[in-house]
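Peer 1: My structure is below; once you've seen it, I'll send some questions.
The values are calculated or read from the model by the stated rules, or taken from the named source; none is laboratory data. This structure is a prediction, so every number in the text was calculated from the model and none was measured. Positions of Cβ are generated from backbone atoms using ideal geometry, with glycine treated the same way; all protein chains shown enter the neighbour counts. These area figures cover heavy atoms from the full protein model, side chains too; ligands, DNA and RNA do not enter into them. Shrake-Rupley method; radii C 1.70, N 1.55, O 1.52, S 1.80 Å.
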Amino acid sequence: MGVVAELILIRHGQSAANVAFPLADEKGLLESGLSGRDTDVELTETGVEQARAVGRWLAGLPADQVPETVITSPYLRARETWRIAAETSGLSFPEPSTDDRLVDRLLGDLEMLTRAAVDQRFPDERARWEQATEYTYRPPGGEDFADIAARLTSFLDDLNATHAGERVVVVAHDSVVLMMRYVIEGLDWTRLAAVVAEAGRVLNASISRFDGSSGRLVLDHYNSVDHLPVE
């Protein structure tokens, strides 16, 4: 089976949840100030500017490096990041598709809850989390990282079968970008932890790239934000 010629992974721009939850957790608040579902969380103004910066990066690509296929998470923040980036670039892209296998980590009953709210409503969960590793803890009704790896393995198999030889861009979430490395590079949890220790968390609007020209996907760069304005 062939592989895609190039796989570019873009994390969505800063979202309202990226701001609200760390602040609420720092203050020990029961409410984040956000309502609704995780899938509907919007970009902040900073996130919009980051998406525009991605668009300017796209505009600067040579013609033979412009993505030919675009797939995003169905979550609003990912779709909006691509829409704004594509409009800003001034380039003509194919209509993006969405794939449910690119969603953020599913937290089940803990979705959109602050740490204080989790402790209040699910008092046993902190002990369960402490007894597990970062990657093997599964929240009630949610996913552990092996579950994410399984859906991304399926996604990549289908991607390579359907879009072999094409330049593909995927716009999704930090867990997706990180676990793409796990799946593509055949990592274990120890080596995945080493990736995080070296490169840090996957940043908003960061760009990672795998080169498939050799017949297999090889990491070219990871978690790059050189295209973003200096804060």
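Peer 1: For the stretch 172-205, which trypsin sites (Lys or Arg not before Pro) are both in a DSSP coil and crowded by at most 16 other Cβ atoms within 10 Å?
Peer 2: Values: sites: Arg181, Arg191, Arg201; in loops: Arg201.
For trypsin sites (Lys or Arg not before Pro) across the stretch 172-205 that sit outside H, G, I, E and B with at most 16 neighbouring Cβ atoms in 10 Å, the list reads Arg201.
Peer 1: Excluding ligands and nucleic acids, what accessible area in Å² is computed for Glu45 using a 1.4 Å probe, to the nearest 10?
Peer 2: Rounded to the nearest 10, that gives 140 Å².
Peer 1: Okay, moving on. Using a Gaussian network model on the chain with a 10 Å cutoff between Cα atoms, which of Ala78, Ala16, Ala197 fluctuates the most?
Peer 2: Maximum fluctuation in the GNM of the chain, among the listed residues, is at Ala197.
Peer 1: Next up: How much accessible area per residue does the stretch 54-130 have, counting only protein heavy atoms and a probe of 1.4 Å, in square angstrom?
Peer 2: Working: 4110 Å² over 77 residues.
The answer is 53 Å² per residue.
Peer 1: Can I ask one more? Take the Cα atoms of the stretch 119-231, build their convex hull, and give its volume per residue in Å³.
Peer 2: Values: hull volume 16.1 nm³, N = 113.
Normalising the Cα hull of the stretch 119-231 by residue number yields 142 Å³.
Peer 1: Net charge near Val41, counting Lys/Arg +1 and Asp/Glu -1 over other residues with Cβ under 11 Å of its Cβ?
Peer 2: -4
Peer 1: Tell me the net charge near Asp220. Cut-off is 9 Å between Cβ atoms, Asp220 excluded, with +1 for each Lys or Arg and -1 for each Asp or Glu. Write down the numbers at each step before the final one.
Peer 2: On the way: positive: Arg209; negative: Glu6, Asp211.
Taking every other residue near Asp220 into account, the sum is -1.
Peer 1: Here is a follow-up. Less than 9 Å Cβ to Cβ from Leu107, Lys/Arg counted +1 and Asp/Glu -1: what total charge do the surrounding residues give?
Peer 2: Working: positive: Arg105; negative: Asp38, Asp104, Asp109, Glu111, Glu143.
Around Leu107, the surrounding residues sum to -4.
Peer 1: To the nearest 10 degrees, how steeply does helix 16-27 sit against the main Cα axis of the chain, on a 0 to 90 scale?
Peer 2: The helix 16-27 is inclined about 30 degrees to the chain.
Peer 1: Follow-up. First compute the accessible area of the chain with a 1.4 Å probe, then give the percent of it belonging to carbon and sulfur atoms.
Peer 2: Values: 5510 of 11410 Å².
After summing per-atom areas, the C and S share lands at 48 percent.
Peer 1: Quick one: if the Förster radius is 41 Å, what FRET efficiency do Arg126 and Glu45 give, using the C-beta to C-beta distance and rounding to 0.05? Mind showing how you got there, number by number?
Peer 2: Values: r = 34 Å, r/R0 = 0.83.
Rounded to the nearest 0.05, the efficiency is 0.75.
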